[in-house]
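Contents: one structure, followed by commentary.
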Amino acid sequence: MNKKTIVQRFRDWQRDPYPLHEPVTHTCVGCGKTYEGEYCPICGQRYDEGQVDWLALKQDVVSVGGIEEPESPTSFISQMLGRPGYLIEDYIKGRRYVCASPIAMLGVFAGATVIISKFFPTPPSELAQTLAGAEGFIGKIFSWLADNINWAVLIQTALLVLPTMLLFRHSPKMDRHTLPQGLYIQAFMASLVLFCIILRTIISDWVLVFIPIFYYVAYKQLFGYDVWGTIWRTLLCMGVITYFYGLVMMAVLQKEYFDEMPIWVFLGVFATCIAFGAALLFLGWLTGRRSEERRRKRRSKA
Ligand SMILES: [Zn+2]
């Protein structure tokens, strides 16, 4: 097989990993109904399933671990690595059979993260240690998050729902996605982030570099902006979250410094900083709306 056909095959797989076949007539072993397709419309049994035998055992094992079965975690993760945005698009637009529920997968990868971290304990980062050392209630939250990376990942990805909805609201491929769709997008991405964290625990810290890259690829395939349009929006999404996160950390860690300030000065500075982040998001949203108008004009001319 030459290079070109391999690339072409990968492209075909990216577009549709589980193409539907022409319907063939079967008689259901479960209930006796004659039907066309792969599953019985009455009882839901698969056409190729009958008495339990060695083949059935093999198929059951494969359906847990095999890439050929859309419901398997292996299929989920290989699609998230190879076609993250297309997979998310398929699923949230209604083609749900292409993978298992991302919420269930999030549970699988969260469980795997906990188990792996028992075998390969990694000390929390310096930043996490500093934060965990902060006084009082907030210090307790941070030290808890440092010990429970699953929840830290969930919270961080959940925070991305809002900036993603704003910055990609007028995207070419997926305009005006809803809040449930936004939550599902981040559920998919959180599974991928947890998978990267598992690899990082086993291999090395540099694996984490892949997280923003995967976000870029997923957002590009899902929303359909060009390279730069995707890069600045993805970076701004993450940047704004990090910025707000940094604001809270600064307020916590530099507490003595702020204690000397009158409370209204402190609140004023804090509100200005928050307004700055919100203004950046607003500008991003406005840019998206402008480019959508331009696209519409171009289309109506053509
Ligand atoms: Zn049946």
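Just so it is clear, none of the values below were taken in a lab; they were calculated from the coordinates. Only a predicted model underlies this, so the values are computations on that prediction, with no experimental measurement involved. Note that each Cβ is placed from the backbone with ideal geometry, even for glycine, and that neighbours are counted across all protein chains shown.
The mean sequence separation of alpha-carbon pairs under 8 Å and at least six residues apart, normalised by the residue count of the chain, gives a relative contact order of 16 percent. Measuring max minus min along each principal axis, the C-alpha atoms of the range 64-297 give extents of 62, 57, 28 Å (largest first). The Cα center of the range 6-27 and the Cα center of the range 243-302 differ in position by 45 Å.
Fewest-first ordering of Cys40, Cys99 by other beta carbons within 10 Å of each residue's beta carbon gives Cys40, Cys99. The Stokes-Einstein estimate for the range 192-285, based on a Kirkwood radius over Cα pairs and taken at 10 °C with 1.306 mPa s viscosity, is a diffusion coefficient of 100 µm²/s. A Gaussian network model of the chain, with springs between Cα atoms under 10 Å, assigns the largest mean-square fluctuation among Gly277, Gly111, Gly44 to Gly44.
Counting only alpha carbon atoms, the long axis of helix 136-147 and the longest principal axis of the chain meet at about 30°. Modelled spin-label separation between Phe282 and Glu126, with each label point placed 7 Å from Cα along the Cα-to-Cβ direction: 3.8 nm. Between the helical axis of 210-223 and the longest alpha-carbon principal axis of the chain there is an angle of about 70 degrees. The simple spin-label model puts a point 7 Å past each Cα toward its Cβ; for Trp54 and Trp144 those points are separated by 5.4 nm.
Does the range 194-248 come out rounded, prolate or oblate, given a ≥ b ≥ c as the square roots of the eigenvalues of its C-alpha gyration tensor, rounded meaning a/c under 1.5 and, failing that, prolate meaning a/b above b/c? Oblate is the answer for the range 194-248, as a/c is 1.5 or above yet b/c matches or exceeds a/b.
Comparing Cα centroids, the range 198-213 and the range 36-108 end up 27 angstrom apart.
At full extension, Leu81 and Lys93 could sit 2.4 nm farther apart than now, given 0.36 nm per residue minus the alpha carbon distance. When the listed pairs Lys118/Lys140; Lys3/Lys58; Lys4/Lys301; Lys93/Lys220 are checked against a 25 Å cut-off, the alpha-carbon distance exceeds it for Lys3/Lys58; Lys4/Lys301.
The GluC sites (Glu not before Pro) of the range 241-302 meeting both criteria, a DSSP state outside H, G, I, E and B (loop) and at most 13 other C-beta atoms within 10 angstrom of the site's C-beta, are Glu260.
Please label the shape of the range 232-299 as rounded, prolate or oblate, based on the square roots a ≥ b ≥ c of the eigenvalues of the alpha-carbon gyration tensor (a/c under 1.5 means rounded; beyond that, a/b larger than b/c means prolate, else oblate). Oblate shape, in that a/c is at least 1.5 and b/c is the bigger or equal ratio. Counting 0.36 nm for each residue step from Phe258 to Ile115 and taking away their Cα separation leaves a gain of 47.4 nm.
Sparsely packed loop sites in the range 100-200 (the chymotrypsin sites (Phe, Trp or Tyr not before Pro) outside DSSP H, G, I, E and B with at most 15 other Cβ atoms within 10 Å) do not occur.
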